[in-house]
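What follows is a set of notes on a single structure, which appears directly below.
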Amino acid sequence: MAGLTAAALAVVGFLAYQAAADVPDDLAASKPPNAAPSATTPGASASQKPRDPLAVPAGSGTGMRVVYALGDRRVWLVNANGKAGRTFEVMPSTISPKPGSYKVTSRSGNVPGSDGVPVEHVVRFANEGGVPVGFSAAVNGSMASPDPKKKTGGVRMTRADGDAMWVFATIGSKVVVVP
């Protein structure tokens, strides 16, 4: 009996390891527990499902593009077939672009950010009131909230996400900003 129990525990442990290894990076980080009750709230539809983080926002266009959802603080890298190959959370800057369609206008490998923090893989796509707006990753890996007193246009992401953005969003690539 002990041998059977040990074998069952080994199988469960192996399956748990495989499941954890297959979780996308942006979903693997621990999230705060949900304070919502587990039972269905009265009046809520039983058919409501949790939103798929890979689901590209409706109204974000077609084809290959970067989609930046201001309210969700999330970016999707969408392939030519309209499927997200990667999605991740970002830290917005103090200056946000207006919803609409843009094109990547310039890129820089390593520069000081508008907040003075060294950044890499800068992908610029908009200009709001004289402030360039683009995606970047802080070299030190931080994604701190920007100083609200400063006008900054850097939408920060992790270094790994910055690497993916750098490869995906070349000059002329479409960037769609949704509310």
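The values are calculated or read from the model by the stated rules, or taken from the named source; none is laboratory data. Remember, predicted model here, so these are calculated numbers, not experimental data. Note that each Cβ is placed from the backbone with ideal geometry, even for glycine, and that neighbours are counted across all protein chains shown. Just the protein is used for accessible areas: all its heavy atoms, side chains included, with ligands, DNA and RNA removed. Shrake-Rupley method; radii C 1.70, N 1.55, O 1.52, S 1.80 Å.
Results, tabulated for the structure shown:
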{"read-out": "Residue in the range 140-179 that is farthest from Ser101 (Cα to Cα), counting only those that are modelled with pLDDT of 95 or more and assigned to a loop (DSSP other than H, G, I, E, B)", "value": "Thr158"}
{"read-out": "Hey, Lys98 in contact with a Leu (Cβ under 9 Å, 6 or more places away or on another chain) and open to solvent by 30 Å² or more (accessible area, probe 1.4 Å) or not", "value": "no"}
{"read-out": "Residue within the range 142-158 that is touching a helix residue (DSSP H, G or I) at 6+ places or on another chain (Cβ under 8 Å), surrounded by fewer than 21 Cβ atoms within 10 Å (Cβ to Cβ) and over 22 Å from Gly71 (Cβ atoms) present", "value": "no"}
{"read-out": "Scan of the range 74-101 for residues that are among the small types (Gly, Ala, Ser) and either over 14 Å from Lys174 (Cα atoms) or part of a strand (DSSP E or B) (or both), ordered by number", "value": "Ala84, Gly85, Ser93, Ser96, Gly100, Ser101"}
{"read-out": "Filter result (farther than 19 Å from Tyr102 by Cβ and at pLDDT 95 or above) within the range 120-138", "value": "Glu120, Ala137"}
{"read-out": "The listed residue being under 15 Å from Ala138 (Cβ atoms) and either in contact (Cβ under 8 Å) with a residue 60 or more places away in the chain or among the β-branched types (Val, Ile, Thr) (or both), out of Val67, Val104, Val90, Val75", "value": "Val90"}
{"read-out": "Pairs where the first residue, in the range 113-136, is closer than 13 Å to Val66 by Cβ and of a type in the set (Phe, Trp, Tyr) and the second is open to solvent by less than 10 Å² (accessible area, probe 1.4 Å) and assigned to a strand (DSSP E or B), C-beta under 7 Å, 6+ apart", "value": "Phe125/Val133; Phe125/Gly134; Phe125/Val175; Phe135/Val123; Phe135/Val155; Phe135/Met157"}
{"read-out": "Some residue of the range 102-122 being under 18 Å from the mean Cα position of the chain (by Cα), crowded, with 21+ Cβ neighbours inside 10 Å and part of a loop (DSSP other than H, G, I, E, B)", "value": "yes"}
